[in-house]
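K.L.:
One structure follows; several queries about it will come next.
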Amino acid sequence: MHYRPLLLVVALAACSQVEDKAPASDVVANDVALDANLSGVDDVALPDDRTPLEEPNGPIDPKSAEAAGQVVQSFGALIEQKRWAEAEAVWGDAATAARFSAGLKRNRETHIEIGKPGLPEGAAGSISVTLPIIFYGKDQAGANFRKAADVILRRVNDVPGSTDAQRKWHIDRIETKS
């Protein structure tokens, strides 16, 4: 089961203008400008967890993995609509976001399928969660593509000195898979 990118006013309001003053990740996001050798690839799929995602019974805890999933869902809706500046705003580092978007912009169309969020992991005052995704669409030549990736989201814990923006989920990096 996977989320489908939907533009929800609530989701956009929850993740717009995210800014993080924490140091940028040492891992540079891989470029998703898809090479000709990926044209026609159709065997890339999300993990088959066969467990339906439950609909929330109320507000989603902004610190939860589900809230991180909403950020990715909003990101997917924004890139589908080619709203690049807004899509880049859900990243923690503007330069990394711009480099990643440059690769996506070369495609005629880009969509994402979103898998189930992993379990949150803590480290040094912050928490991260990974979501498997599939980028798919048409490259600049019009050929179909599918490319698996992991979106790693991060938020700072409620520690003294942290800002509201740092305590919101943001994309730390996207690691494409071979």
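The values are calculated or read from the model by the stated rules, or taken from the named source; none is laboratory data. These numbers come from a predicted model, not from an experiment. Reconstructed Cβ throughout: ideal geometry from the backbone, glycine too, with neighbour counts over all protein chains shown.
K.L.:
Does residue 133 qualify as being in contact (Cβ under 8 Å) with a residue 60 or more places away in the chain, in contact with a helix residue (DSSP H, G or I) (Cβ under 8 Å, 6 or more places away or on another chain) and either farther than 14 Å from residue 173 by Cβ or buried (at least 16 other Cβ atoms within 10 Å of the Cβ) (or both)? Please lay out each step first, then the result.
P.N.:
Working: in contact (Cβ under 8 Å) with a residue 60 or more places away in the chain: yes; in contact with a helix residue (DSSP H, G or I) (Cβ under 8 Å, 6 or more places away or on another chain): yes; either farther than 14 Å from residue 173 by Cβ or buried (at least 16 other Cβ atoms within 10 Å of the Cβ) (or both): yes.
So residue 133 passes the test.
K.L.:
Could you tell me which residue of segment 72-106 is nearest to the chain's Cα centre (by Cα), considering only residues that are aromatic (Phe, Trp, Tyr) and farther than 23 Å from residue 164 by Cα? Lay out the reasoning, then the answer.
P.N.:
Just the residues of segment 72-106 that are aromatic (Phe, Trp, Tyr), to begin with: 75, 84, 91, 100.
Next, only the ones that are farther than 23 Å from residue 164 by Cα stay: 84, 100.
Details: 84: 13, 100: 11 Å.
So the residue we want is 100.
K.L.:
Still on this structure, please answer the following. Given 153, 131, 78, 119, which one is in a loop (DSSP other than H, G, I, E, B) and under 20 Å from residue 62 (Cβ atoms)? Spell out how you get there, then give the answer.
P.N.:
Values: 153 fails: in a loop (DSSP other than H, G, I, E, B); 131 fails: in a loop (DSSP other than H, G, I, E, B); 78 fails: in a loop (DSSP other than H, G, I, E, B).
Of 153, 131, 78, 119, the one residue that is in a loop (DSSP other than H, G, I, E, B) and under 20 Å from residue 62 (Cβ atoms) is 119.
K.L.:
Only one of these conditions is not met by residue 66: (1) at pLDDT 95 or above; (2) surrounded by 15 or more Cβ atoms within 10 Å (Cβ to Cβ). Which number is it?
P.N.:
Checking residue 66 against (1) at pLDDT 95 or above; (2) surrounded by 15 or more Cβ atoms within 10 Å (Cβ to Cβ), the one that fails is (1).
K.L.:
For segment 78-88, which residues satisfy the criterion of being out of contact with any strand residue (DSSP E or B) (no Cβ under 8 Å at 6 or more places or on another chain) and either buried (at least 21 other Cβ atoms within 10 Å of the Cβ) or closer than 13 Å to residue 104 by Cα (or both)?
P.N.:
78, 81, 82, 83, 84, 85, 87, 88 - these are the residues of segment 78-88 that are out of contact with any strand residue (DSSP E or B) (no Cβ under 8 Å at 6 or more places or on another chain) and either buried (at least 21 other Cβ atoms within 10 Å of the Cβ) or closer than 13 Å to residue 104 by Cα (or both).
K.L.:
What number of residues in segment 136-162 are without any contact (Cβ under 8 Å) to a residue 12 or more places away in the chain and more than 20 Å from residue 91 (Cα to Cα)?
P.N.:
2
K.L.:
Report yes if residue 85 is in a helix (DSSP H, G or I), modelled with pLDDT of 95 or more and more than 17 Å from residue 174 (Cβ to Cβ), otherwise no.
P.N.:
When the stated conditions are applied, residue 85 passes them.
K.L.:
Out of all the residues in segment 138-152, is one or more surrounded by fewer than 17 Cβ atoms within 10 Å (Cβ to Cβ) and touching a Pro at 6+ places or on another chain (Cβ under 8 Å)? Break it down stepwise before answering.
P.N.:
Residues of segment 138-152 surrounded by fewer than 17 Cβ atoms within 10 Å (Cβ to Cβ): 138, 140-144, 150.
When the remaining residues are screened for being touching a Pro at 6+ places or on another chain (Cβ under 8 Å), the result is 150.
Yes, segment 138-152 has at least one match.
K.L.:
Restricting attention to segment 89-110, which residues are part of a strand (DSSP E or B) and either basic (Lys, Arg) or crowded, with 18+ Cβ neighbours inside 10 Å (or both)?
P.N.:
Kept after step one, since they are part of a strand (DSSP E or B), are these residues of segment 89-110: 91, 109-110.
Those that are part of a strand (DSSP E or B) and either basic (Lys, Arg) or crowded, with 18+ Cβ neighbours inside 10 Å (or both): 91, 110.
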